[in-house]
Each structure stands twice: as C-alpha cells, then as structure tokens.
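What follows is one structure encoded as structure tokens, with my remarks underneath.
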There are 2 protein chains.
Amino acid sequence: MENIKYILDEKEMPQYWYNILADLPEPLPPALHPGTKEPLKPEDLAPLFPMELIKQEVSTERYIEIPEEIREIYRLWRPTTLYRAINLEKALKTPAKIYYKYEGSSPPGSHKPNTAVAQAYYNKKEGIKRIITETGAGQWGSALAFAGACFDLEIKVYMVRVSYDQKPYRRVMMQVWGAECIPSPSDQTESGRAILAREPDCPGSLGLAISEAVEEAVSREDTHYSLGSVLNHVLLHQTVIGLEAKKALEKIDQYPDIIVGCVGGGSNFAGMFLPFLKDKIEGRHPDLKIINVEPASCPTLTRGPYCYDFGDEAGLTPLLKMYTLGHGFIPPPVHAGGLRYHGMAPIICHLLRLGLVEARTVHQLETFQAGIDFARCEGIISAPESNHAIRVAIDEAIKCRESGEEKTILFNLSGHGHVDMAAYQAFFAGKLKNYRYPQKKIEEALHNLPKL
Amino acid sequence: MENIKYILDEKEMPQYWYNILADLPEPLPPALHPGTKEPLKPEDLAPLFPMELIKQEVSTERYIEIPEEIREIYRLWRPTTLYRAINLEKALKTPAKIYYKYEGSSPPGSHKPNTAVAQAYYNKKEGIKRIITETGAGQWGSALAFAGACFDLEIKVYMVRVSYDQKPYRRVMMQVWGAECIPSPSDQTESGRAILAREPDCPGSLGLAISEAVEEAVSREDTHYSLGSVLNHVLLHQTVIGLEAKKALEKIDQYPDIIVGCVGGGSNFAGMFLPFLKDKIEGRHPDLKIINVEPASCPTLTRGPYCYDFGDEAGLTPLLKMYTLGHGFIPPPVHAGGLRYHGMAPIICHLLRLGLVEARTVHQLETFQAGIDFARCEGIISAPESNHAIRVAIDEAIKCRESGEEKTILFNLSGHGHVDMAAYQAFFAGKLKNYRYPQKKIEEALHNLPKL
C-alpha cells in the first residue's frame, strides 16, 4: 500500500466561511412563512435560532469570519487530511487521479460538528441554555451532543424510535457527551402524545421528531432549535471542508475536473464544492463537473419537481423552494440513514436548476461494494452515506480508464463507518437489497404538496 | 472548550524503533522451550515468525530502523496528535498539566496497527502468503486484517466465540478488510474439534483460540502466526508512540513527571514509556514515575507471582518469565476485553521487578466514569481499556490539587470507543459492576503453573 496525503498547517485553517449567496448568478428564491406564505422575515425565526444564524441564513456577504472560539474547537480535528487514493487508482488501472477529503477524524466521526459547533457557539453567545433537535440514525444528534459538551449547553435530542431501538451506538455517544436522548414519538409533547394515542407502537419518523423538537423549543425562552443540514447557514459552516481542500490542492498545483459527494440534506457536499463552484461561476473553471449523488430509493434531485415544500413531514417549518419528493414521503429503509430525506438544500436545488451542478443516483448494493473495495485499497472504512460518493468516484475513474483521460477527481469522505458495521454485516450476510424507484409512494406524497 | 495540541511534521516521524533490551540494567530472563525447558533458540520460532521478527525479539541493538514500506503506511495516520487536556485540568482544578497521546486515529481505531503493519511487512518480505492469529474482543484481529489489506496477505482470525457472537462490529471490520474471521472453537483444527466433541456449546477462550491459530499456522509452509502484544518485538514496534510523544514534548520544553497507561499484554503502554525510561535508567530523570494500570479483576502485576508460565491457556507457547495469574485463569468479563490476560509482557515484568516502573489496579465502574468525564471535557470518547489510563491520570491530577504540586502527567489514549458503545450503554443502564479480587480462581490457576 502506498500513501500520499496532504496536511495543511494549523495556521492555514480557514478564517472565513465562504458564502455562495454573494456569487449566485440569480438570487435564491426566498423561504416562505408556512402560515402567510409570504417571504420569511428574520423575526419569524427568532424563537428557533439565534440572530447571528438568522443573519447568516440571508447574508450576501462573501466571507463570514469564523469566530476564534469556533476555530479553537475545529482545531481538535481540523485541518482534516486530503488523501490521494493512489492504491485505488492502481487497482482500477485508471489514468485518473483520485483525491479525497476525510472528515471522519472528528470526535463524533463525521463532518456534522463543523456546523454543530458553530450553532452551539452562537446560541451560547445569545444566552441560550438549551438546544433541542431531532435525529434519525443519530449522526447529527451525536454531533450536537458533542458541541453541547464543548459549550456547556444542555442538549436534548428526539431520536426516531425505530433507530433509537435498533441503532443504540450513536444514542449512547450522545449520553456520553451528556445529552438527553429520548425516543420519538414521546409523551413529552402534544405532537407526540397525539400520535401515541392513535398508535401506541408508532416507530416514529424524522418529520414527527422535528415536530416534537420544534414544539418544545418554542415553548421555552431559554431554549432554541437546531437543524443539521438543508439551511443556508448550515452549508455555510461546512465550507471549511472545501476551503481546506482547495488550499491543499493549490499547494500541489492541482485542480479537480470532477467533484463528487453524497447528498441527503446536502450540507457535507455543498461544503466541499461551493468554494470551487465560485471558480466555475466566474469562468476560471467553466468545465468543472459537480456530481451530487443520491440513493436511487430517494431520488430527490433526479426525480422530484422543483417547488415549495415543507422541510418536515408535519408541515411546521418554513416553505423552501427545492426539489422534493413530497414532505410526506418516507424513503425505503436503506442503511445510508443520512440520505433518507424528501427534500434538499435550497442552494443545491437552485444550482441544479441553473445547470451549475448535476445529480446522479446509485443503488445500495453497489455503494457497499464500493466502500469495501475502497477500504481494502486505502484502509479507511467509510460510512454508508459516504459510500455513495466513493461509488461515483470509482465509476468516473473507470470511465477515464476507458477514455484514456487523465482527469482529477475529488470527493468528500464525510464520515467513518465504525458505528455502522451492522450495515456492512447485513451486506455480507446477503440481507441488503436494492430498492426500485418508489413511484407510487412518491406520487402520493406529491399530491400533498402545499398549495401556494 | 479550549484546545491545545501538538502535531509533529511528517518528517519528524521516527525512523527507528527504540529497543529497551540495549539499555536494561540487568538482562531479560530468556524465554524457554515449552518441551525442553531450555532457553529458546531462534530456529524454534521459525515455523511461527519470520526471521526478522525473531531477530528483533532477541536483538540488543539500541535503534532498529523502521523500513520505509512500514513508515509509508504509518503515515496514513501518524504522527499522531499529542493533546493537552486543558479542559480536564480546569474541571479538576488541578495545578498539574495533563498531556495525552491519541492513538485512536488509525483506520482500525487503536494503537494495534503500529505492530500489525510491521509484522505483516516482515512476513510478506519472507514470502509468507497467510497469517493466522487469534483475537478476543477483536481489536487485534481487526488491526491485522487492516495490515493484511495493506500488504495483500491472506489473514485468518480465530475469534473467541462469545465475542464473535456478542461483539460483531470488529468481526465485520475484519471482513471489510478481506480477512476471514471464524469463531473458536472451530471444527477446522484438532484442538477445536476436541473441545467441541466434549462441549458442543463451548463459548471459547483466548487460550483455546491461540491453540487453534498456532496449530493451523505450523501446518502450512506458506503460513505464519502473529501475536498482538506481550512479545519483545511487539513492544519494540509500539515505541513509535513514545518516541513521537517525547519529540513533541521536547519542542515545548516539557518532560513528564508521571506517565500512565493501561496494560493487558502491555504493548501500548510500553510503547509509550520505554523511550522515556531510558532517561530514568541513565539518571537524567531519576524520579520519573511510570504507572501500569490494570483492572482489579485481573491484577497480574499487583497480585501475581513472578515466574515462568505459558503465554496461552493450552500450554503451546514458549515459557515466559512474567508476573502471572496462571495460564488457566479466565478473568471476569470486564468490558475492557483487551486487558483480560493472565500474563504480561516480560519486559514490563522485568522492569517492575527492578523497581523501574510501578503498577496499580482500578475498578471497572470508576474507569467508565473517568472516560465519561474525559469525553465531556475533551471531546474524545475513549475505549474501555484506555479509560483505565484516564482514571489514574485523573487520580494523580487530583493528588496534585491536594498537594499543590505542578506535576506534568502524560498518558496514552490507546484507542477510541466508537466500537465499544455497548459497554457504555451497559454502564448507563446500571448493568456493569465491579468485581472483587478473584482469589479462589487465581489460587487454582497458580496451582497449575508449569514445573521447571
């Protein structure tokens, strides 16, 4: 095994996040108030978020300074390493160069703390004592629990019951960091009690967990809500990934032809590609190809219509203009839990609409095979979500072998898979399957899009 | 949360392992042949190990060069970070400085690949195609599986059945890296079949798994055996930890007063302290305190006699002069699986005998509480084994608070706990307990020490 890696000096860690809203060729459609359907005003969000984050959500300032208190904690694991997957290249016999940025070295093992730490900081600064959130498989909940420990904030996580029961590892991580994690639906909110009254064994859903978290957050002055993807400020915080990757590549005089990443809500990948996209928009790299990879079972960007929809199942959130499969759509139970989301970050949707990025779907089994091939070549065991990025990076490298093109491929390896070994176990046991396009369920969900 | 860390440049990674055998004030008692009871000759070990490792086992050369092929792979995660636990210091209100070296950033998540990679390399170089080993909870098996993927070697791991069934995560990691992992006792060896005939539901033991691995290894020309701790060459490879820590501390003009680590077979901690011990032996730091921490339930160094015993339960291995609880002793089921070993590295035992290091026991519950306190202060979730080191580092820091001494404490955080969250879950659920000194079982086992 060979090993080529590029580590930035701590001093080279970004001091500013990059805000794509400053450079969009057309402005992003505004979020709408769920009641009035009018463009959202900052004060509408004040019960949920601290004012600094609300400002970041709509800011068109190009570079937003990363406060030293956040950089201090980033330095626990940042700058993260940029690797060249030289052994994978050789195994594929491709003339392509494959680089990847590894975000699995953070304490929770993923990119999520890049924004969790920032969100916790701004809440703390505004005097907030408690943050409530929801989590599916637990990646986000564990990251916010970690961030809560960093800033001595009380964190409460509503975790979808089926994951709470079946995937205890991340729930226990939350407890270690001092967060409270309870299964949703719970008897602690009206939304939860209403469901439990109808269906005592309800396995829960992400939408319902959001409803519970939002309901509790708005009920107390000292409490806010936090979201781990989708929103503009979340993507903003994740741009540290791409800014670091760009600087590391610059130092070896490289620039990607293709950037690949997996998208659920879109934050890890947008964090990677947005700083590069600036060069495409400004004409320096017009041919840069940016591929958003989503599960075939949850084909938001590739099959959904572009329209206003709720971010949650229950319809409590603002309306976001996005590609959507309908807020009532519950994706098939693929193991890449972080990609099971009906919508997508409005920024990514807007860019897809403008033709600046593209999207592709892959099936579950081929993603696990890619992850295994990668681990055997490069040593790192990747999360099921990140395996989607690896799959398409490999596919593109194989195309280069066939065409003879010496392209440079960059992908984001958003997290390690050590907490997801049960999914690999199911793969080896032949218990995983590919899911067909869930046409009927999506059509049903799309019938229930909000009327404007 | 504050954050102070020290990262060496890649160029500063050690080029040599440090061999304590060159500097011992008295020579280490030799290993004995299990049949003749005569000092072991190199050729006795040739069916099991490549000649380079056999030479390292007995070499008295002070510095042994790390081949570039091994350093290449070390660089995947090395040099590892030295952190100062500044938040923990503040929480404890101690005037002590606490530093820790974090070995959890390797692909398998622990220090084990430091030697797994080296062992795989020397086997590969000698033309070996397959390596067989045993593993308890799976930390070592997964590290050797990773190393096998690095050098394209076939790896087979006999995993104690009870862990194979109850702790599938590390087993699945082995599969991802392409290794074969089978439960022991198996029907693939005479030792295994003999046990299964008597006891079809036998849960297995580490001693039995060693017997199966050794039996299969000697039966084929292209196959060797590999051990993950205890032996001199294993400790040698782990000295990269201490050499890096020493260099990083030198750069900030610090030197430890106390070094702490957990010991099962002893390799992670010896790897940390041996390069510092040289300074103590040579009189530069005569007061350096080196504390080996073991579970109260498996008190090898603190309660065992110092005598010749087998390394395995079945009595197939050479006889090693060590503190031992008897090779037939099966420790209580504490969750720190890597510390459940009846013996100890002969080097550590010799040093304890000479009064150059000391030993201390801690109970299970207080180690988990230490790990949780640490995670909430410093962000990193530690393995149950490493929690033993954290416990004593905290205890020593508290003593400094009481005495007012500004001591410098260094400990080795040998691995992350992401694959061990079930143990934390049991702790939170109140299902863990402390075990009393297992006096009767140890007395029984000590009755069956080999006669010389």
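The values are calculated or read from the model by the stated rules, or taken from the named source; none is laboratory data. All values reported here derive from a predicted model rather than from experimental measurement. Positions of Cβ are backbone-derived with ideal geometry, glycine not excepted, and every protein chain shown enters the neighbour counts. Only protein heavy atoms, including side chains, enter the accessible area calculation; ligands, DNA and RNA are left aside. Shrake-Rupley method; radii C 1.70, N 1.55, O 1.52, S 1.80 Å.
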Rounded to the nearest 10 degrees, the helix B:364-378 long axis (Cα) sits at an angle to the longest Cα principal axis of chain B of 50 degrees
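Identify the trypsin sites (Lys or Arg not before Pro) of region A:181-270 meeting these criteria: DSSP loop state and at most 16 other C-beta atoms within 10 Å of the C-beta.
Numbers: sites: A:Arg193, A:Arg198, A:Arg220, A:Lys246, A:Lys247, A:Lys251; in loops: A:Arg220.
Qualifying residues, ordered by number: A:Arg220.
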Overall form of region A:36-107 per C-alpha gyration tensor (a/c, 1.5; a/b vs b/c) | prolate
Determine the distance separating the Cα centre of region B:314-382 from the Cα centre of region A:20-79; give it in Å without decimals.
-> 50 Å
Position B:Lys251, label points 7 Å along Cα→Cβ, spacing to each other copy in nm (shortest first, one decimal) | 1.3
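How big is the dipole moment of region B:251-336 about its Cα centre under a simple scheme where the beta carbon of each Lys and Arg is +1, that of each Asp and Glu is -1, and everything else is neutral? Debye, nearest 20, please. Provide the component values of the computation, followed by the final result.
Details: 7 positive and 9 negative charges, 27 e Å.
Here region B:251-336 has a charge dipole of around 140 debye.
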Listing of region B:412-428 residues, each with accessible area lower by at least 30 Å² in the full protein assembly than in the chain alone (probe 1.4 Å) | B:His418, B:Met421, B:Gln425, B:Phe428
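Can you figure out the FRET efficiency of B:Arg62 with A:Gln15, using R₀ = 45 Å and their beta-carbon distance, to the nearest 0.05?
Details: r = 45 Å, r/R0 = 1.01.
Efficiency at R0 = 45 Å is approximately 0.50.
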Roughly what would the spin-label model give for A:Asn434 and B:Gln188, points 7 Å off Cα along C-beta, in nm?
-> 3.2 nm
Put a label point 7 Å from Cα along the Cβ direction on B:Glu180, then list its distances to the equivalent points in the other copies in nm, shortest first.
-> 5.2
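Just from its helices, what would the mean residue ellipticity at 222 nm be for chain B, if runs of 4 or more DSSP H residues each count -39500 (n - 2.57) and the sum is divided by every residue, rounded to the nearest 500 deg cm²/dmol? Please report the intermediate quantities before stating the final value.
Details: 18 runs with 188 residues, N = 452.
Mean residue ellipticity at 222 nm (helix-derived): -12500 deg cm²/dmol.
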Amide hydrogen neighbours beyond the local backbone of A:Ser186, cut-off 5 Å, H modeled = A:Gly192
So A:Leu354 and A:Thr36, fully extended at 0.36 nm per residue minus their Cα-Cα distance, gain in nm 111.7 nm
Could you give the nm distance between label points at A:Glu154 and B:Glu72, where each point is 7 Å from its Cα heading toward the beta carbon?
-> 5.6 nm
In Å², what does the accessible area per residue of the protein assembly as shown work out to with a 1.4 Å probe?
-> 35 Å²
Taking only Cα atoms of region A:116-217, the Rg to Rh ratio with Kirkwood Rh works out at 0.98
Result for interface chain A to chain B, accessible surface buried in total, 1.4 Å probe, Å² to 100, stands at 3900 Å²
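May I ask you to list the trypsin sites (Lys or Arg not before Pro) in region B:252-356 that are in a DSSP loop and have at most 14 other Cβ atoms within 10 Å of their Cβ? Spell out each step's value before the answer.
Values: sites: B:Lys278, B:Lys280, B:Arg284, B:Lys289, B:Arg303, B:Lys321, B:Arg340, B:Arg353; in loops: B:Arg284, B:Arg340.
Answer in residue order: B:Arg284.
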Per its Cα gyration tensor (rounded if a/c is under 1.5, else prolate when a/b beats b/c, else oblate), region B:371-421 is best filed as prolate
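With all protein chains present and a 1.4 Å probe, how do A:His237, B:His447 order by accessible area, largest first?
Details: A:His237 0, B:His447 140 Å².
I get B:His447, A:His237, largest accessible area first.
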Here region B:293-302 yields Karplus 3J(HN,Hα) values (6.51, -1.76, 1.60; θ = phi - 60°; whole Hz; Gly and Pro given as x) of 10, 10, x, 4, 7, 9, x, 4, 6, 8
Hand me the trypsin sites (Lys or Arg not before Pro) from region B:106-167 located in a DSSP loop with no more than 16 other Cβ atoms within 10 Å, in residue order please.
-> B:Lys129
Beyond 19 Å, what percent of the Cα pairs of region B:6-157 remain?
-> 65 percent
Unit charges at the beta carbon, dipole of region B:40-134: most positive-side option, B:Thr60, B:Thr80, B:Ala118 = B:Thr80
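Under unit Cβ charges (Lys, Arg +1; Asp, Glu -1), what dipole magnitude, rounded to 20 debye, does the protein assembly as shown have relative to its Cα centre?
Around 500 debye, computed over the protein assembly as shown.
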Hey, which aspartates and glutamates would be in cross-link range of B:Lys112, C-alpha to C-alpha under 15 Å, not counting anything within fewer than 8 residues on its own chain?
-> B:Glu103, B:Glu134, B:Glu385
Copies compared at B:Ala426 - label distances in nm, ascending, label defined 7 Å from Cα in the Cβ direction | 2.5
Report ³J(HN,Hα) in whole Hz for each residue of region A:305-312, in order, from the Karplus equation J = 6.51 cos²θ - 1.76 cosθ + 1.60 where θ = phi - 60°; Gly and Pro get x.
-> x, 9, 7, 6, 8, 6, x, 10
What ³J(HN,Hα) values, in whole Hz, does the Karplus curve 6.51 cos²θ - 1.76 cosθ + 1.60 give for region B:396-407 when θ = phi - 60°, with x put for Gly and Pro?
-> 5, 5, 5, 4, 5, 4, 6, 8, x, 7, 8, 6
For B:Ile252 and A:Asp279, what is the calculated FRET efficiency with R₀ set at 30 Å and r taken between the beta-carbons, to the nearest 0.05?
-> 0.15
On the full set of protein chains, 1.4 Å probe, figure out the accessible area of B:Leu208 and give it in Å² to the nearest 10.
-> 20 Å²
In chain B, which residue puts its Cβ closest to the axis that turns chain B onto chain A, and how many whole Å away is it?
-> B:His418, 2
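Work out the length of the dipole vector of region B:1-66 about its Cα centre, built from +1 on the beta-carbon of each Lys and Arg and -1 on the beta-carbon of each Asp and Glu, and round it to the nearest 20 debye.
Numbers: 6 positive and 13 negative charges, 35 e Å.
Using only the charged Cβ atoms, the result is roughly 160 debye.
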When each of A:Lys90/B:Lys101; A:Lys93/A:Lys246; A:Lys11/A:Lys129; A:Lys251/A:Lys280; A:Lys90/A:Lys251; A:Lys5/A:Lys93 is checked by Cα-Cα distance, pairs over 22 Å = A:Lys90/B:Lys101; A:Lys93/A:Lys246; A:Lys11/A:Lys129; A:Lys90/A:Lys251
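Considering every residue in B:163-176, what mean count of other chain Cβ atoms within 10 Å of its Cβ is obtained? List each step's numbers first, then the result.
Values: counts 0, 0, 0, 0, 0, 4, 8, 2, 3, 12, 7, 0, 6, 14.
Whole-number average of other-chain Cβ neighbours for B:163-176 is 4.
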Specify whether the C-alpha gyration tensor of region B:258-341 places it in the rounded, prolate or oblate class, a ≥ b ≥ c being the square roots of the eigenvalues: rounded for a/c under 1.5, otherwise prolate if a/b is larger than b/c and oblate if not.
-> prolate
Inter-site label distance for B:Asp23 and A:Lys5 at 7 Å from Cα along Cβ, in nm = 2.7 nm
Long-range amide H partners of A:Tyr308 with built H, under 5 Å = A:Met322
Under 5 Å, built H, 5+ apart or other chain: amide partners of A:Ile290 = A:Ile259, A:Glu358
